[in-house]
Amino acid sequence: MALEKPYRDIPGTTVFDSDMSRIGYHLNQFCMTLMKAENRDRFHADERAYLDEWEMTEEQKQAVLDRDYNAMISLGGNIYFLAKIFASDGLSFQYAAATMTGMSQEEYAQMMLDGGRSPEGNRYIGEKKNG
Amino acid sequence: MARITAGVTTSHIPAIGATIDLGKTKEPYWAPLFEGYEFSKKWMAENKPDVVFLVYNDHATAFSLEIVPTFAIGCAAEFQPADEGWGPRPVPVVKGQPDLAWHVAQSVIQDDFDLTIVNKMDVDHGLTVPLSLMFGEPGEWPCTVIPFPVNVVLYPPPSGNRCYQLGKAIRKAVSSFDEDLNVQIWGTGGMSHQLQGPRAGLINKAFDQDFFERLIAEPAELAKKPHVDYVREAGSEGIELVMWLIMRGAMDDDVDEVYRFYHVPASNTAVGHLILENRS
């Protein structure tokens, strides 16, 4: 019997489940190495060379180089692991979140100040989007 | 005997820690949030615990994908603030309470909750931000802390009911510890927020307000809420709220609400905070 995934009809959302964690294992484990200052220095000195030390797919490496967080998540990355990348870049969770929404930083920050993204229209795939 | 006297819930957003550490709490964006914790710091000074049993989630800090314990208990004598990618927070080392931690571990494991024992672990913003919000910036934390990390990062997290029942087992364990200790239990994380994907920024005030009310008045019913409802209604990271049910399970059925605070936004998140006292 296939594993049940009742969350698959939620729009714009990837639940970090067994399938995602299996394809993302090496991507996420690479992120963990950035919790050491010497590794951050080495990564920022030559990102490509550092990424080549890990058993990641070419797609995963390119997504990291591009700082494409939606792509990293679709390739098994989890946001709390990926946070080590943007933290080492000196960037915030709000910065990273905004890049995933297609909004500018200013638009996203203003949406949050205005009370955040409404759940109305954002609960099920196919609903009309709102905000 | 040891006893649980109060329960606290609070969000644990990393940007709050950074704001405190950089001395920016008076900035217009942040001031309303920190004003919301002024009462709490005064209350805490008047109701200082000996031990905080601190339920939180590790954010891929102590636990990578190598090992993911569903429930773990920190039994060490001390825990270092973690380097999460921008250097460790400049906050005091967290002192543990190994004798009580081991007592709770033995008791709840024998009550069928299979905890992972942790003897070495760095603690991330999930644990240190609540300490900063409730105690401010002391040279050392005024009490010992038993870190209790819960997996809410890798699906499936424990159910609300499992968390609520675990709280009851923790309460039983604490109340059978011989030493006379004033113990608080804190449940952290939440409230509604989503940090990933095109739906990032989701906030659901109606969900959060309902969660406050039912956590206080009908926690056993609230504990039946399935995982998918948290994700759909409160965002993918809103699932952290199941940890509040561990706190609630460890309190009396009837509690007094001492304080409530709700604020949107802190970075991407709805901040929720409660102080509850046992009525007896």
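Which of the residues spanning the range B:135-170 are crowded, with 22+ Cβ neighbours inside 10 Å, assigned to a helix (DSSP H, G or I) and of a type outside the set (Phe, Trp, Tyr)? Hits for the range B:135-170 are B:Gly160, B:Cys163, B:Leu166, B:Gly167, B:Ile170.
Taken over the range B:3-38, the criterion of being among the hydroxyl-bearing types (Ser, Thr, Tyr) and within 14 Å of another protein chain (Cβ to nearest Cβ) is satisfied by B:Ser11, B:Thr19, B:Tyr29. Of the helices (runs of 4 or more DSSP H) lying entirely inside the range A:43-131, those carrying at least 1 residues that are surrounded by fewer than 19 Cβ atoms within 10 Å (Cβ to Cβ) and not basic (Lys, Arg) are A:47-51, A:58-66, A:69-74, A:93-99, A:105-113. Output yes when any residue across the range B:41-48 is more than 20 Å from B:Leu127 (Cβ to Cβ) and over 20 Å from the mean Cα position of the chain (by Cα), and no when none is. The answer is yes; a qualifying residue exists. Residues in the range A:1-42 that are in contact with a helix residue (DSSP H, G or I) (Cβ under 9 Å, 6 or more places away or on another chain), among the charged types (D, E, K, R), in a helix (DSSP H, G or I) and more than 15 Å from A:Ala83 (Cα to Cα): A:Arg42 only. When B:Glu237 is tested against (1) of a type in the set (D, E, K, R); (2) facing chain A (nearest Cβ under 9 Å); (3) over 20 Å from B:Leu127 (Cβ atoms); (4) in contact (Cβ under 8 Å) with a residue 24 or more places away in the chain, just one condition goes unmet, and that condition is (3). Looking only at the range B:1-35, count every residue that is small (Gly, Ala, Ser), in a loop (DSSP other than H, G, I, E, B), within 18 Å of B:Thr128 (Cα to Cα) and in contact with a strand residue (DSSP E or B) (Cβ under 9 Å, 6 or more places away or on another chain) and tell me the total. So the count comes out to 1.
All conditions in (1) at the interface with another protein chain (Cβ under 8 Å from one of its Cβ atoms); (2) touching a strand residue (DSSP E or B) at 6+ places or on another chain (Cβ under 6 Å) hold for B:Asp252, with the sole exception of (1).
Select from the range A:14-37 the residues that are within 19 Å of A:Val64 (Cα to Cα) and of a type in the set (D, E, K, R) and write down the one among them that is nearest to the other protein chains (Cβ to nearest Cβ).
If we filter the range A:14-37 for residues that are within 19 Å of A:Val64 (Cα to Cα), which is where we start, we get A:14, A:16, A:20-37.
Retained after the next criterion (residues that are of a type in the set (D, E, K, R)): A:22, A:36.
Working: A:Arg22: 9, A:Lys36: 7 Å.
The residue in question is A:Lys36.
When the criteria are applied in full, B:Pro130 meets the requirement of being buried (at least 19 other Cβ atoms within 10 Å of the Cβ) and more than 14 Å from chain A (Cβ to nearest Cβ).
Any idea which of A:Pro6, A:Pro11 is without any contact (Cβ under 8 Å) to a residue 12 or more places away in the chain and either closer than 30 Å to B:Gly272 by Cβ or within 11 Å of another protein chain (Cβ to nearest Cβ) (or both)? Talk me through it step by step, then tell me what you get.
Details: A:Pro11 fails: without any contact (Cβ under 8 Å) to a residue 12 or more places away in the chain.
Step by step, each of A:Pro6, A:Pro11 is checked, and only A:Pro6 is without any contact (Cβ under 8 Å) to a residue 12 or more places away in the chain and either closer than 30 Å to B:Gly272 by Cβ or within 11 Å of another protein chain (Cβ to nearest Cβ) (or both).
Every read-out reported here was derived from the displayed coordinates using simple, explicitly stated rules and does not represent laboratory data. Just so we're clear, the structure is a prediction, and the values are computed from it rather than from any experiment. Heads up, the Cβs are rebuilt from the backbone with ideal geometry, glycines too, and the neighbour counts pull from every protein chain shown.
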